[in-house]
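Presented below is the structure to which this report refers.
Read the figures in this text as sums done on the coordinates, not as results from a lab. Values in this document were obtained by computation on a predicted structure and should not be read as measured data. Neighbour counts are summed over all protein chains in view; Cβ atoms, including those assigned to glycine, are modelled from backbone coordinates with ideal geometry.
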Ligand code: T68
């Protein structure tokens, strides 16, 4: 049947329709009006911005669907290897602007909407963020699906369609308050319901042994106790400058309506319906922890539900063309595990092959290990998943048996390889013994994969020398590799910073923005490093973007920022290891010093000239709802803001703002507006970081530690264009040890800060006791005391460079010193395109090639 399918030649009705909707003003308008009248059942006289967004996005969606259907057909006909990216999080943000950019239909849509009396920007602003992720890990997945499509790979994403994304953050009296993110309040035009794709997923129950009537051999049968349906919702992922439009499939949990009438007598009717209804709770909500394992049963249920449905779908697609030729499976399928969250997929595939398809254990296992690869995103022990054996055994009895078997055969090999090392067996066992036995998911992921990668060079080195070092001995160095993270320049340059993207396209003589898929071309900007006019334009764009952020800050917080001052930004999840506390302590120190100078009779103007430049410290980020310390840090930042911003002596010399509810669409405003951003994690803790890349690509300079991808960013853009400070990762363990055995030394500068906090300058000092005591008395695990003065010094140095910026315009050399660093950053950021990541994964891990258009 499939051999009869012919690739489409592009001249059929669908392609015409797609092209028209996106590129023809009249066609766009006609479709828009039709959607208002039919899809929305409204009329043009009753069409507000929200309705306009829905009608416009339905129009763009119609265009996308044509490419999407053609892509699926092309990929089916080609019958090549596909990659499946399994991620519990896809932090997509808004879809419409991105789709318009990738389809090159933005100008047409703007013109058409304007004809109809709407402003494109206002219409785009109506779209709720698809916030199905926490932070870097989820956003990485979103960048990767964009690159898979843009670089013409056949690559699908598989995840969950949470009804509630990451919570919305409100700041009330300086405290974080969480409210639910019911993002599907209005129908979602980007989601194509695939109600016909329903996959049953079982939980609980028991395992028994039976005989296979064909082979006469014993065989294990799992009889599940609870069944839930996985129903597909598809999201088309358009590529940039290509028709290739891949699929992101997110599962919804639905009740089966298969009632067990024998169990439920008439009186239990109510209860039985209730139990069915609870099926939907599996995909109700995203767990809001970033870099932290919390071990909830519902989370494990989510993981298995998603993994079982996705694998079933993948296997079904394989069997349609290949029947049971399992040897071909690894030639047709590559599966990337985004962290350990989908590790059960390894066990599930082994179960499908052995229990359901009747393959021998070893044969099945050799297939499994050729299919999977695992990406690690952290070395921090509190984030490593370890599920209690009891829980796994109850929820997934057959899977636990298989895990034990995998472990048995693995340990046998290890024993054979290291006959004289008894200790290694306990260290590498998938099962951690102890009070509560648990399954170490990372170990299972390594054993079941052919490649394991970290996400930046330093991080990949660290996993091989610390948490996984025994596995390097067991499997050899070749199982481990590095793929440094990247970001999509379509969203993070073209969409977020249209003016800069345009200036670059002009300077590169690249009117079609080809550089967005060949980001190395940015290098050519270096030619203009002494072109005054160019530097002035560059600076003016930054200023424009700062004004845009100023408006957002005013709207969100009521605080008025002066866009000529240094914008010093730290936006990311709030976490002790990311050290927002280090940043806010330094801000407090600055404030105290300014107050001292003022008190000693130095004037504000003199302070500005000789001591401190004017700056605004801009924070944003969510704390996990149960993370008390992170919430305390948010509270402190807000209280410092209250004091500093309302101090009549200070004026624009210092402002402190906390932007509530940091998310992808706010990041698109904040990133292009930063002069300086903070990536100041304790060395060795931030696996990569990706916002560092976004800021540098937008001409913001970085103050950072020698950690994660900062190391490679420095190599690419040059040491002179980044402000590094702090203790190095190789010293961290020793320093921590010293803290514990010899106590922590608080430098005078930091002591001053602690004294002022304890005097009640920022509200009740009791509230900050945990924060201060953690540093003073509980070992200062994140080395705040050790890096504090180094951080202050780095600021003195960088502020000298920023200096008269925005001041004396006749001092062009000085004025442009900062701007030149900004240009050199952007010019050398080509390496950090997620397109480069995807090519590396494709070549070194997945063994797939792009499908020529
Ligand atoms: C981040 N991890 C890393 N985790 O912290 C960051 N964790 O350095 C890296 O750049 C990024 O991954 C991409 O590789 C996370 O974002 C989580 O969000 C997370 C979610 C659930 C459980 C544990």
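Sequence gap at least 6, Cα distance under 8 Å: using those rules, report the relative contact order of the chain to the nearest whole percent. Don't jump to the answer; show the numbers that get you there.
Details: 1522 pairs, mean separation 107.3, N = 853.
Reported as a whole number, the value is 13 percent.
To the nearest 500 deg cm²/dmol, what mean residue ellipticity at 222 nm is calculated for the chain from DSSP H runs of n ≥ 4 alone, each contributing -39,500 (n - 2.57), summed and divided by the residues? The partial results should precede the final answer.
Working: 32 runs with 382 residues, N = 853.
Helix contribution divided over all residues of the chain: -14000 deg cm²/dmol.
Pairs of alpha-carbon atoms within less than 8 angstrom and 6+ residues apart define the contacts here; what relative contact order does segment 699-845 have, in percent? Write out the running numbers ahead of the final one.
Numbers: 124 pairs, mean separation 44.8, N = 147.
RCO, segment 699-845: 30 percent.
What separates the Cα centres of segment 150-164 and segment 321-364 is a distance of 20 Å. Rounded, prolate or oblate: which fits segment 540-802, taking a ≥ b ≥ c as square roots of the Cα gyration tensor eigenvalues, rounded meaning a/c under 1.5, else prolate when a/b beats b/c? Note, shape of segment 540-802 comes out rounded. A simple spin-label model places pseudo-atoms 7 Å from Cα toward Cβ; at residue 759 and residue 173 they are separated by 2.5 nm.
Nearest 5 is fine: what % of DSSP beta bridges in segment 540-802 come out antiparallel, could you say?
Numbers: 0 of 21 bridges.
Approximately 0 percent, going by the DSSP bridge assignments.
If R0 equals 25 Å, the separation of the Cβ atoms of residue 206 and residue 404 corresponds to a calculated FRET efficiency of about 0.95.
What is the gain in length, in nm to one decimal, between residue 43 and residue 415 on full extension, counting 0.36 nm per residue of separation less the C-alpha to C-alpha distance?
Values: separation 372, 0.36 × 372 = 133.92 nm, distance 7.42 nm.
That pair, residue 43 and residue 415, stretches by 126.5 nm at full extension.
The slack in the chain from residue 543 to residue 796, taken as 0.36 nm per residue of separation less the alpha-carbon distance, amounts to 88.8 nm. Judged by the ratio a/c of the largest to the smallest principal axis of the C-alpha gyration tensor, segment 756-853 counts as oblate, that ratio being 1.5 or greater while a/b is no larger than b/c.
Of all beta bridges DSSP finds with both residues in the chain, what is the antiparallel percent, to the nearest 5? Show your work: numbers first, answer last.
Working: 40 of 86 bridges.
That works out to approximately 45 percent antiparallel.
Counting DSSP beta bridges in segment 294-451, what percent are antiparallel, to the nearest 5? Numbers along the way, then the final one.
Details: 5 of 10 bridges.
Close to 50 percent.
Fully extending the segment from residue 107 to residue 737, taken as 0.36 nm per residue of separation minus the present Cα-Cα distance, adds 220.9 nm. Spin-label model, residue 73 to residue 277: label points 7 Å out along the Cα-to-beta-carbon direction sit 4.4 nm apart. Based on C-alpha pairs under 8 angstrom that are at least 6 apart in sequence, segment 540-802 has a relative contact order of 21 percent. Footprinting exposure proxy ranking of 837, 143, fewest other C-beta atoms within 10 angstrom first, gives 837, 143.
Would you please give the FRET efficiency between residue 602 and residue 813, computed as 1/(1 + (r/R0)^6) with r the Cβ-Cβ distance and R0 = 30 Å, to the nearest 0.05? The formula returns an efficiency of 0.60 here. The separation of segment 295-319 from segment 13-43, counted between C-alpha centres, amounts to 37 Å. Taking other Cβ atoms within 10 Å as a rough exposure proxy, 293, 741 sort from fewest to most as 741, 293.
Return the FRET efficiency for the residue pair residue 317, residue 360: r is the Cβ-Cβ distance, R0 is 22 Å, and the value is rounded to the nearest 0.05. So the FRET efficiency works out to roughly 0.35. Counting neighbouring Cβ atoms within 10 Å and putting the fewest first, the residues 465, 369, 321 line up as 465, 321, 369.
Which of rounded, prolate, oblate describes segment 511-616, given a ≥ b ≥ c as roots of the alpha-carbon gyration tensor eigenvalues and a/c under 1.5 marking rounded, otherwise prolate only if a/b is larger than b/c? Mind dumping the intermediate values first?
Values: a/c = 2.18, a/b = 1.66, b/c = 1.31.
Note, shape of segment 511-616 comes out prolate.
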